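One structure below.
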Amino acid sequence: MKEMIAKILKKALKELDIKLREEEIEKFIEIPKSYELGDYSFPCFFLSEKLKQEPKEIALNLRKAIGTPPSYFEDVQTSGAYVNFFINKKMFAKNLIQEILRKKEDFGKIGFGKGKTIVVEFSSPNIAKPFGVGHLRSTIIGNSIANICEFEGFNVKRIDYLGDWGTQFGRLILGYSKFGDQAKLEKTPIKHLYEVYIKANKKEYEEESRKYFQQLESKEEKIFTLWKAFRELSLKEFKKIYKLFGIKFDVYEGEAEQTRKASDVIKKLKQKGILKKSRGALIVNLKKYGLGIVLIQKSDGTTLYATRDLAAAIKRYNRYKFKKMIYEVGQEQKLYFKQLFKILELMGYEWAKNCIHVEHGLYLGKNKKKFSTRKGDIVFFENIFKKTLSLAKREIKERFPKIPEKELEKRAIKISLAAIFYGDLKNKRTNNIVFDIKRFVSFEGNTGPYLLYSYARASSISKKINPENKKFRFNIDKLEPQEIELVKKLSQFPEVVLSAYIGLNPATIANYSYQLSQIFNEFYHACPVIGSKEEVFRIALVEAFRQVLKNSLALLGIKTIEEM
């Protein structure tokens, strides 16, 4: 609807010698607080300086330039400095609902990304370590951003960039050589590898660990074979988690793959004259840009994270010719990514400006302090999920004591994932958030289970419907305020998705999902569906709600359920 209003205003503004693009006009269109002021308003304050007129006078002139509005509008009025648009609500509701029911999972798509590629790197757990809470945010947020980009028509390449190289792997291999047990490795590979890593993570082993990593970099057969086995075992475990999440990656790659191209990166940096020697090491000095110094190669000849990331970025552009490359990584890496993108720019790669660091804040404990990862004190996803699942089962059994065990498990898994995903995504991604599982799993309030409950409630109506009424041939005799509110909220979905894409912020969609569910539940209590005079229309409205909420939750990575 905003697009339609923007077109009307663009034409009228042109008559006042004001040339604005429809996208610019849309930014100023508001939704009034009171019904008496219309459904949409356009404030004229910002035009006052240009036209040298009072905003009230501009509003009157603009209304005159609009003339007779299209049939979609009952009226267009002025109120002070505002031009207010009153929608023909019956026509609007009927056309919108029919559009939603016709387009189904495609409702809300604009498709402006067609023919363009976006690379999204997210999750990126560390090999030989259990999947921890530190990588959970990147996985959840990155997946949602990839979904949003794909929804808008982009060809999205999802990359899981594994932390599989570096001096820590010298420490891991040393730890396994001293404390490893083949039987434990086969039974619980990740747990055992993490145990030996913790034992080897002592100052007395530092020098020996570095030697092991040097052997790994030079591909010493025994060491490299061991590392490869650790990598494969870890990836197998990670894929189990991704399958549970319903997340698929196009590419699993790691830092190790980039070591072959590290020498090319160093050669290019030398050619550009931006690589300097410092105490036997190779560095790029970015102090004049306020970005400090970046270490490219250690004095012992081993590569670093930055070297490998530069090689990976170049390889990805050569392969995909991406429109954007998004790195969904914690905000503690903010400076590092500024350095990385600046080096790529200095190397002469114009596409460096299309590389984006999408940062997120930290998970905090209930004490609002950071989770500690020192000395093995880390929060693992496995433990989080077990606790969430247990709470979800308890909530379900309170409502359905006789539910079969198989169905209980099935529902509890979806509810648990919705709780975890939504508990994260409803927050602005740059904020730190308190990880409170009990609050996340609540069936009431602003939670994932509440959204699933709202969808299931709508589904319960759908099951009672006469199949003949599902043909959705309806006219509207009268619209109640709750129906008008629900229709208006449904109509906002396309612009909500667009806003989430522009800001790369899934919270926009998460918060919309909650508001939509609240409005639906108000409608549910105020407007009986089955047996009412407006039954066929209200059935169609319920179906439209189900579809839009389902589309919205799918972008968050949340699957709906028909019954709670």
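Where a number appears in this text, it was derived from the coordinates with a stated rule and is not lab data. What you are looking at is a predicted structure, and each value in this text was computed from that prediction instead of being measured. Note: ideal-geometry Cβ built from the backbone for every residue, glycine included; neighbour counts use all protein chains shown.
Cβ-to-Cβ counts within 10 Å put His525, His135 in ascending order as His525, His135, the fewest first. Between Ser532 and Ser263, what FRET efficiency follows from the Cβ-Cβ distance if R0 is 60 Å, with the result rounded to 0.05? Once the sixth-power term is evaluated, E becomes 0.20. Here Lys438 is the anchor, and the aspartates and glutamates within straight C-alpha reach of less than 19 Å, apart from those fewer than 8 places off in the same chain, are Glu382, Glu395, Glu398, Glu409, Asp424. In the chain, the DSSP beta bridges split such that about 50 percent are antiparallel, to the nearest 5.
Rounded to the nearest 10 degrees, the angle from helix 189-200 to the longest Cα principal axis of the chain is 60 degrees.
All distinct Cα pairs of region 381-556 go into the 1/r average, and the inverse of that average, the Kirkwood radius, is 17.4 Å. Rounded to the nearest 0.05, the FRET efficiency derived from the C-beta distance between Leu335 and Phe224 at R0 = 22 Å is 0.10. Here is the list for region 391-461: trypsin sites (Lys or Arg not before Pro) lying in DSSP coil, each with at most 12 other C-beta atoms within 10 angstrom of its C-beta, are Lys402. For region 378-462, the list of GluC sites (Glu not before Pro) that fall in a loop by DSSP and count at most 14 other C-beta atoms within 10 angstrom reads Glu444. Seen from a random direction on average, the alpha-carbon convex hull of region 17-102 projects onto 6.5 square nanometres. Entry note, region 381-556: relative contact order of 25 percent, from Cα contacts under 8 Å with a spacing of 6+ residues. Charged neighbours of Tyr512, selected by a Cβ distance under 13 Å, balance to +2 (K, R count +1; D, E count -1).
Among the trypsin sites (Lys or Arg not before Pro) in region 30-104, those located in a DSSP loop and surrounded by at most 16 other Cβ atoms within 10 Å of their own Cβ are Lys33, Lys52. Each Lys and Arg adds +1 at its Cβ and each Asp and Glu adds -1 at its Cβ; summed about the Cα centre, the chain shows a dipole of about 1540 debye. Counting Cα-Cα pairs of the chain in 20 Å increments starting at 0 gives whole-percent bin shares of 18, 43, 29, 10, 0.
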